[in-house]
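Novice: Sharing a structure with you now.
The values are calculated or read from the model by the stated rules, or taken from the named source; none is laboratory data. Keep in mind it's a predicted model, so treat the numbers as computed, not measured. Cβ sites come from the backbone with ideal geometry, for glycine too, and all protein chains shown count toward neighbours. Ligands, DNA and RNA are excluded from the accessible area calculation, which covers all protein heavy atoms including side chains. Shrake-Rupley method; radii C 1.70, N 1.55, O 1.52, S 1.80 Å.
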Amino acid sequence: MGQTKKLNHKINMISNLKIGLFGFGCVGQGLYDVLSKSSGIKADIVKICVKDRTKKRKLPMEYFTYSKNDILYNPEINLVVELIDDADEAFNIVKTAMSEGKSVVTANKKMVANHLAELVELQHKYNVSLLYEASSCGSIPIIRTLEEYYDNELLYSVSGIFNGSSNYILSKIFNENLDYATALKQAQDLGFAESNPLLDVGGFDPKYKLTIIAAHAYGLFIHPDDILNLGIQNLSLADIEYARKNGKKIKLVNTVRKLNDDEITIHTLPTFVAPQQYLYFVENEFNGVIVEAAFSDKQFYLGKGAGGHPTGSAVLSDISAVTYDYKYAYHKSLQDKKVKYSKDVLLEVYVRYSNAEELNLVAFESISEKGTDFVIGTVKLEKLLNNLSALQNSTLFIANTGKNVMQSSSEEKTAEKALN
Ligand SMILES: NC(=O)c1ccc[n+]([C@@H]2O[C@H](COP(=O)([O-])OP(=O)(O)OC[C@H]3O[C@@H](n4cnc5c(N)ncnc54)[C@H](OP(=O)(O)O)[C@@H]3O)[C@@H](O)[C@H]2O)c1
């Protein structure tokens, strides 16, 4: 009897969510709009914590506070929704909220990717939900899909375009001949870009999402520092012309794929994409995710990957999931047979240079083509990773040709596979 009473009390509590919201920027305001138009969900925003005391707000000031403790230690609040643009502070907020017994919904991919293993432990320790669908691919429900639908599938790969703002920039450059700076400014004005644009165009933001996806797809908790990410910030007219001449576009593509029964590999790289590939047609702020699996075969998910309302809708879906006490189970990490991350993989890359000395940063295994300012050849993922920070700070533009020449130590033969 006592037990039933307790359970009823718990269910009652979570079906009447009292939300403490951190952040009222692009996504915070998007969530507010989406939540106020959703009649089915029993959730009220009790307080909103923001930072800048000088900013004018769209809601009456009694909604707001500048002190995080007004939310974190408010016993009325049972759900913290964290939507700020400071990953370190977000981690402090999320840890404290969970230790206070509050469930958490967050969109902060950097924070989740950098601390995922610890966050999963805290979730178990305090028996609360920590959901972060909005952290990866905006409105595409990829995390819960991997977690629930593909929980027992043999996944060959999860790949695609996971960053709305760099895809918006690439679309404007390729389709409308806009220059890079104008396209970036437009992405920022439309609220697609992170406060620090290098997070997007440098491939950091998509890498954080890929880290999270890898945990749900393969049960691997890889630290983002251990994953290769090269971006589009050095893209030049010469690269665009080279792509056009070959009938291709350049997209910033995330890949996590199985090499064999024991190993997967993972990277974020600009990639030449041909018209027969799904990703060729993913434009502007849209994201596209391709899941290839043994039994369900290939599936393609397309949706808006950035912006207040699409991201707010993913946050709303997580809030709704908290009402029925949903928690990620991390099914793949619980399976007996675990895969390992291999960097012993050959990639074929196009490297365009303005300073020939910088080419030494790329330890080519073989070279197949040389132009006046570019080289195409194969390189080991591990060697690129060893020079990651120098490569990121160089003026080189490096792109996967789209022809992955994969070779892992335990593979008997080299397989040549197109991305799609
Ligand atoms: N924008 C997108 O399309 C998108 C998509 C997916 C995920 N996300 C993620 O969603 C999160 C929010 O992004 P956003 O685009 O909404 O950012 P934003 O527009 O820059 O808004 C950030 C908000 O956080 C508040 N804030 C910053 N530091 C704070 C602190 N220490 N305490 C309290 N409030 C603080 C700011 O307060 P003030 O208002 O006082 O400045 C502002 O309201 C980020 O983690 C981002 O990666 C964004």
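Novice: Which one of L130, L79, L119, L154 is modelled with pLDDT under 95 and among the aliphatic types (A, V, I, L, M)?
Specialist: Of L130, L79, L119, L154, the one residue that is modelled with pLDDT under 95 and among the aliphatic types (A, V, I, L, M) is L154.
Novice: Also, I was wondering about something else. Going by the structure shown, is I48 among the aliphatic types (A, V, I, L, M), under 27 Å from S99 (Cβ atoms) and modelled with pLDDT under 95?
Specialist: It is false that I48 is among the aliphatic types (A, V, I, L, M), under 27 Å from S99 (Cβ atoms) and modelled with pLDDT under 95.
Novice: Given (1) touching a Gly at 6+ places or on another chain (Cβ under 7 Å); (2) in contact (Cβ under 8 Å) with a residue 60 or more places away in the chain, identify the lone condition not met by Y126.
Specialist: (2)
Novice: Find the residue count for the stretch 142-172, including only residues that are surrounded by 24 or more Cβ atoms within 10 Å (Cβ to Cβ), in contact with an Asp or Glu (Cβ under 6 Å, 6 or more places away or on another chain) and not small (G, A, S).
Specialist: Selection size over the stretch 142-172: 3.
Novice: Return the pairs, sorted by first residue and then second, in which the second residue is aromatic (F, W, Y), the first residue lies in the stretch 193-210 and is surrounded by 24 or more Cβ atoms within 10 Å (Cβ to Cβ), the beta carbons are less than 6 Å apart, and the residues are 6+ apart or on different chains.
Specialist: What qualifies is P206/F162; K209/F162.
Novice: Could you check, for the stretch 230-243, whether at least one of its residues is polar (S, T, N, Q) and not in a loop (DSSP other than H, G, I, E, B)?
Specialist: The answer is no; no qualifying residue exists.
Novice: Same structure again: Taking the condition of being charged (D, E, K, R), within 27 Å of K37 (Cα to Cα) and in a loop (DSSP other than H, G, I, E, B), how many residues in the stretch 303-340 meet it?
Specialist: 2
Novice: If you check every pair at least six apart or on different chains, which have Cβ atoms under 7 Å apart with a residue in the stretch 370-399 that is more than 16 Å from L235 (Cα to Cα) first and a residue that is part of a helix (DSSP H, G or I) second?
Specialist: L384/L391; N387/L361; A390/L361
Novice: Let me ask something else. Just to be sure, is Y126 of a type in the set (F, W, Y) and either out of contact with any Ser or Thr (no Cβ under 9 Å at 6 or more places or on another chain) or open to solvent by 40 Å² or more (accessible area, probe 1.4 Å) (or both)?
Specialist: Criteria met by Y126.
Novice: Find the strands (runs of 3 or more DSSP E) located wholly in the stretch 58-169 whose residues include 3 or more that are within 24 Å of L220 (Cβ to Cβ) and more than 15 Å from the ligand (Cβ to nearest atom), and list them.
Specialist: Filter on the stretch 58-169 gives 155-161.
Novice: Scan the stretch 25-65 for residues that are open to solvent by less than 30 Å² (accessible area, probe 1.4 Å), farther than 16 Å from A314 by Cα and touching a residue at least 24 places away in the same chain (Cβ under 8 Å) and jot them down.
Specialist: I45, I48, C49, V50, L59, F64, listed by residue number.
Novice: Mind checking which residues of the stretch 173-191 are out of contact with any Phe, Trp or Tyr (no Cβ under 8 Å at 6 or more places or on another chain), open to solvent by 30 Å² or more (accessible area, probe 1.4 Å) and either in a helix (DSSP H, G or I) or among the basic types (K, R) (or both)?
Specialist: Passing the criteria: N175, E176, Y180, A181, T182, L184, K185, Q188, D189.
Novice: Please go through the stretch 192-222 and pick out each residue that is of a type in the set (D, E, K, R) and not in a helix (DSSP H, G or I).
Specialist: E194
Novice: Still on this structure: Please specify each residue of the stretch 376-420 satisfying the condition of being acidic (D, E) and at pLDDT 95 or above.
Specialist: Within the stretch 376-420, just E382 meets the criteria.
Novice: Here is a further query. Answer yes if at least one residue in the stretch 327-334 is under 13 Å from E133 (Cα atoms) and either within 16 Å of the ligand (Cβ to nearest atom) or among the hydroxyl-bearing types (S, T, Y) (or both), and no otherwise.
Specialist: Scanning the stretch 327-334, I find at least one residue that is under 13 Å from E133 (Cα atoms) and either within 16 Å of the ligand (Cβ to nearest atom) or among the hydroxyl-bearing types (S, T, Y) (or both), so the answer is yes.
Novice: Still on this structure: For the subset of the stretch 273-302 comprising residues that are open to solvent by 10 Å² or more (accessible area, probe 1.4 Å) and in a strand (DSSP E or B), which member is nearest to the ligand (Cβ to nearest atom)?
Specialist: Within the stretch 273-302, the match that is nearest to the ligand (Cβ to nearest atom) is F286.
Novice: Yes or no: I41 modelled with pLDDT of 95 or more and of a type in the set (A, V, I, L, M)?
Specialist: no
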